[in-house]
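Report on the following structure.
Bear in mind that the values in this text are calculations on the coordinates, not laboratory data. These numbers were taken from a predicted model, which means no experiment stands behind them. Neighbour counts run over all protein chains shown; Cβ positions are idealised from the backbone, glycine included.
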Amino acid sequence: MGNRDCAHRSEPPAPIGPPAALGSFSLVRVLVIGSGAREHALCVALQSDPEVSALACAPGNAGTRAVAEPLAVDVGDPVAIAALAGSWGADLVVVGPELPLVAGAADAVRDAGIPCFGPSAEAAQLEGSKSFAKHVMTAAGVPTAQAWPVGGLAELETALDEAAQLTGGAPYVVKDDGLAAGKGVLVTADRAAAVAHGRAVLDAGHAVLIEEYLDGPEVSLFALTDGTTVVPLIPAQDAKRRDDGDGGPNTGGMGAYAPLPWAPPGLVDDVLARVLQPTVDEMARRGEPFAGLLYAGLALTSRGVRVVEFNARFGDPETEVVLPLLETPLAGLLEAAATGTLADVPPLRWRAGAAVTVVVAAPGYPEAARTGEPVTGADGDGVLHAGTAVTEDGTVVSSGGRVLAVTAVGTDLAAARETAYGRVAGVRLEGAHWRTDIALAAVEGRIVAG
């Protein structure tokens, strides 16, 4: 259980001066698709952009209503998304979640003549199929873990044996080959648990991927791309396990922080040269250009950088810590990626300091989250809504496993962390759970790369 007694602290100094516009950018109406804290963070960044005169979020949540017009849409229906974009008069559509991207939402919007930030359904298979991503990485010479695709029970034990032989034993890495909202991976030293997880994925009708275990700390690195030019953002690290000390089940992410004081010098340039640009180039060579947000999940192993996985959209909760540090206006960057003009964008500008996000989760998350509980104290600075809704009487209630992403910016990680936990202390949700150690290992210098 999180610490409810954490005292409120003074706020860090505000950034100096407003962000400057990109100059040639002229879009005014932006439609964001999605309903989580990632979309709330996108809306906050876009709402503060002087070039954006109208902003909507569909379907949004209780928090996005404060900064964007709420609109109804089925995010799994690409035709409905394109129709909404047209009827609302969107100049740019930003698709947040992976499900509509894999379903073809960006294709449908572009077919309607509206610029869209997000890859095509074919390109989004970098996230939608881990086996497809492995084939792309192999062709592009991108360093990653060796993998064994498993289509049936007979292959499962053999693949586990081969992985163990390569790495000298446990732990085992068992992945759902398809979309699993960040929760389809099991890393375990228990062979029986690995087999059980693989069986469960197969029983659900999905293929399984067994992978070589990668040691070292993990890093999330986002990059904007228009299919040719690649512009990396700053690296972040999220906390995937539910409990302090990286215990408990895997989740969609319980918190994050940026930047990474322990990251090796030149990390971003190295990943751009060895991972991001080769992947984008390979997708273009295949006739499936990737335009949008390419998210590389990386392991900084004893043998160098290795790709753990790719995602085809902004990550959650890393978006909540990266965007508050971005000084360059966001809308122009997304428009440039959507229209093939990223090469014309000046170098990105970043605010000094650091950001920390702490996720407040519903009781029972991730296995059986309890929803429908009243949430109070969720309208303060830095409180981003992840799984919330508004009842007919105006009460904000929980509607998902991850309920809030409480974020703060400070002069350094320690200051941002202190402020974030102070804000968490002001939130009230019956039975809520949060980790108390987000960014703590980095503040204490306990993370070593490579």
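Restricted to the stretch 80-149, the set of helices (runs of 4 or more DSSP H) holding at least 1 residues that are hydrophobic (A, V, I, L, M, F, W, C), at negative phi and out of contact with any strand residue (DSSP E or B) (no Cβ under 9 Å at 6 or more places or on another chain) comprises 98-103, 130-140.
The set of residues from the stretch 66-77 being more than 21 Å from the chain's Cα centre (by Cα) and of a type outside the set (Asp, Glu) comprises Ala66, Pro70, Leu71, Ala72, Val73.
Filter the stretch 283-318 down to residues that are of a type in the set (Val, Ile, Thr) and in contact with a strand residue (DSSP E or B) (Cβ under 8 Å, 6 or more places away or on another chain) and give me whichever is farthest from Glu212 (Cα to Cα). So that I can check it myself, show each step before the final result.
Going residue by residue through the stretch 283-318, those that are of a type in the set (Val, Ile, Thr) are 301, 305, 307-308.
Add one more test, that the residue is in contact with a strand residue (DSSP E or B) (Cβ under 8 Å, 6 or more places away or on another chain), and what stays is 305, 307-308.
Details: Val305: 14, Val307: 12, Val308: 10 Å.
Filtering the stretch 283-318 for residues that are of a type in the set (Val, Ile, Thr) and in contact with a strand residue (DSSP E or B) (Cβ under 8 Å, 6 or more places away or on another chain), the one farthest from Glu212 (Cα to Cα) comes out as Val305.
Take Leu156 and tell me if it is over 28 Å from the mean Cα position of the chain (by Cα), buried (at least 19 other Cβ atoms within 10 Å of the Cβ) and outside any loop (DSSP other than H, G, I, E, B). In short, yes. In the stretch 86-103, is there at least one residue being among the polar types (S, T, N, Q) and touching a residue at least 60 places away in the same chain (Cβ under 8 Å)? Scanning the stretch 86-103 turns up no residue that is among the polar types (S, T, N, Q) and touching a residue at least 60 places away in the same chain (Cβ under 8 Å). Please specify each residue of the stretch 178-237 satisfying the condition of being surrounded by 19 or more Cβ atoms within 10 Å (Cβ to Cβ), of a type in the set (Gly, Ala, Ser) and in contact with an Asp or Glu (Cβ under 7 Å, 6 or more places away or on another chain). Within the stretch 178-237, Gly184, Ser220, Ala236 qualify.
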